[in-house]
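This report concerns only the one structure given below.
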Amino acid sequence: MIVAVLTVELYLPGSASLKDKRAILRQLKDRLANKFNISIAEVDHQDKWQRAQLGIAQVGNDYKFLEKSMNTILQVIDENDAAEVTEHLIEYL
């Protein structure tokens, strides 16, 4: 069993309040969860309205599949106009 963990730091330039931030993140998280078989949550910066850190995990038994999936997820997040990826880290356990 392999666990892939993707940590993504986001900058949300269009967010003017925590309500805006939550709406942006909810839309992004729902889209990712529906498209990929992942667990996703906001793990840091809950009180900052233009920053967010998402934690994404996926479990499988094929390293190449998980690697491709994590890179695709990162690409989808990066293509989102409402959020800019400032930092990311992919780990395999």
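The values are calculated or read from the model by the stated rules, or taken from the named source; none is laboratory data. These figures come from a predicted structure and were not determined experimentally. Cβ coordinates were reconstructed from backbone atoms using ideal geometry, including for glycine residues, and neighbour counts include every protein chain displayed.
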### Query
Can you tell me which residue in the stretch 40-50 is surrounded by the most Cβ atoms within 10 Å (Cβ to Cβ), limited to those that are charged (D, E, K, R) and modelled with pLDDT of 90 or more?
Glu42
### Query
Which of the residues that make up the stretch 51-79 are free of Cβ contacts under 8 Å to residues at least 60 places away in the same chain, surrounded by fewer than 17 Cβ atoms within 10 Å (Cβ to Cβ) and not small (Gly, Ala, Ser)?
Arg51, Val59, Lys64, Phe65, Lys68, Asn71, Thr72, Gln75, Val76, Asp78, Glu79
### Task
Go through the stretch 23-39 and give me each residue that's crowded, with 16+ Cβ neighbours inside 10 Å and either among the charged types (D, E, K, R) or in contact with an Asp or Glu (Cβ under 9 Å, 6 or more places away or on another chain) (or both).
Leu25, Lys29
### Query
Among the residues of the stretch 41-91, how many are of a type in the set (Gly, Ala, Ser) and within 11 Å of the chain's Cα centre (by Cα)?
5
### Summary
Residues of the stretch 34-55 being closer than 12 Å to Tyr11 by Cα and part of a strand (DSSP E or B), in sequence order, are Arg51, Ala52, Gln53, Leu54
### Message
Taking the conditions exactly as written (modelled with pLDDT of 95 or more and farther than 21 Å from Leu12 by Cα), does Glu67 satisfy them or not?
### Response
yes
